[in-house]
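Working notes for the structure below.
Just so it is clear, none of the values below were taken in a lab; they were calculated from the coordinates. This structure is a prediction, so every number in the text was calculated from the model and none was measured. Reconstructed Cβ throughout: ideal geometry from the backbone, glycine too, with neighbour counts over all protein chains shown.
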Amino acid sequence: MDLVLRGLNIKGGYEMSKVYVDAVNNVSLELYKNEIFGVAGESGCGKSTLVKILYGYIEPPLKLKSGSIELYSNDEKSFMISSLSLDDLRKTVWWKHISYIPQNSMNVLNPTTRVKDHFAEMYKTYTGMKKKEAYAMARKYVEDFGLPSDALQAFPHQLSGGMRQRIVIAVALLLQPAMVLADEPTSALDVINQRAALMFLKKAQERLKNTIVLVSHDMGIHSVLTDRMGVMYAGNIVEVGGTQAIFEKPLHPYTEALIESLPRLGDKSQRTGLKGQPPDLRQPPSGCRFHPRCPYSKPICQKEEPEHGKREKDRRVSCWIYAS
């Protein structure tokens, strides 16, 4: 499989008034072309922070303390995202090679600009296209994506939330970047519009053969849409593998608890959640960060952080249960 992004030993978080929140702790990832990779975990576990770091959008109070992120583009160029300034990223990398879909579509779309001008400005800025041609290309583009062309004449606030989010997805894919980072892209939508936006994203990925990183706390979304997934807990990725394999046989106790909490058709038994609370990342637990809530905790779990070891083909898990 062709590599599209490699992140090594990424450590970052937020520093405010000399208090540091350790949001991403020693994360390493390899992402491949033509896949949807899911990032799952409870709210506050570091999913959104990880995506911002992968994108290179690092502004105070967010800090990248250590680690490297390298992006391999469709045109055989590579970019060391972790070493580039925000200005360099805006000029040479963002939108053309990697793009970002935030939780709220209104954070991307300028409320005072018609939708057609969002597309036209992208064409003009990154391809040098003239305005008239850019408008024509924008119309053809949205029609090819199955969106109504009359949406181009609207201001963002005149569109429904679901349509706005599909427009944002279309903008993110406009220049056919190698990777799109989607951070809870449907969290602000109702169930009907969530499904429509997610299916729109999936069909677009199938068409363009690029890589999507899909962040969601909803394990049901991962089970339907993602090819592989990583499960985060308290800033660590504790398990990585094929989505189907993880759902059939979760290896990490936290992954097991997440899947066990899902409702099942015809099963009327009471679902049980994990005991305790996620840790305070200003002062995370020593050793394995999950050990205070883990039903299988051993003395070593309280002292030493487990390695992210390989198990069963492409499965990786951080847990002392599997220590040889």
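With the simple model of a label 7 Å out from the Cα in the direction of the Cβ, residue 113 to residue 139 spans 2.1 nm. Of the cross-linked pairs 52/96; 65/298; 116/140; 116/203; 63/96, those separated by over 19 Å at the C-alpha level are 65/298; 116/203; 63/96. Diffusion coefficient of the chain by Stokes-Einstein, Kirkwood radius over Cα pairs, 4 °C, 1.567 mPa s: 62 µm²/s.
A straight Cα-to-Cα reach below 15 Å connects residue 275 with the aspartates and glutamates 42, 256, 260, residues fewer than 8 places away in its own chain not being considered. Cβ-Cβ distance of residue 124 and residue 275, R₀ of 56 Å, FRET efficiency by 1/(1 + (r/R0)^6): the value works out to about 0.50. Take the Cβ atoms of residue 206 and residue 16, set R0 to 45 Å, and the FRET efficiency comes out at 0.60. Can you give the translational diffusion coefficient of the range 163-254 in µm²/s, computed by Stokes-Einstein from the Kirkwood radius over Cα pairs at 10 °C and 1.306 mPa s? Reported coefficient: 112 µm²/s.
Relative contact order for the range 270-324: 25 percent, from Cα pairs under 8 Å spaced at least 6 residues apart, divided by residue count. Cross-link pairs exceeding 24 Å in C-alpha to C-alpha distance, out of 33/132; 33/77; 77/132, comprise 33/132; 77/132.
Taking the C-alpha atoms only, the angle from helix 131-144 to the longest principal axis of the chain is near 50 degrees.
Over the residues of the chain, the helix contribution to mean residue ellipticity at 222 nm works out to -9000 deg cm²/dmol, using -39500 (n - 2.57) for each DSSP H run of at least 4.
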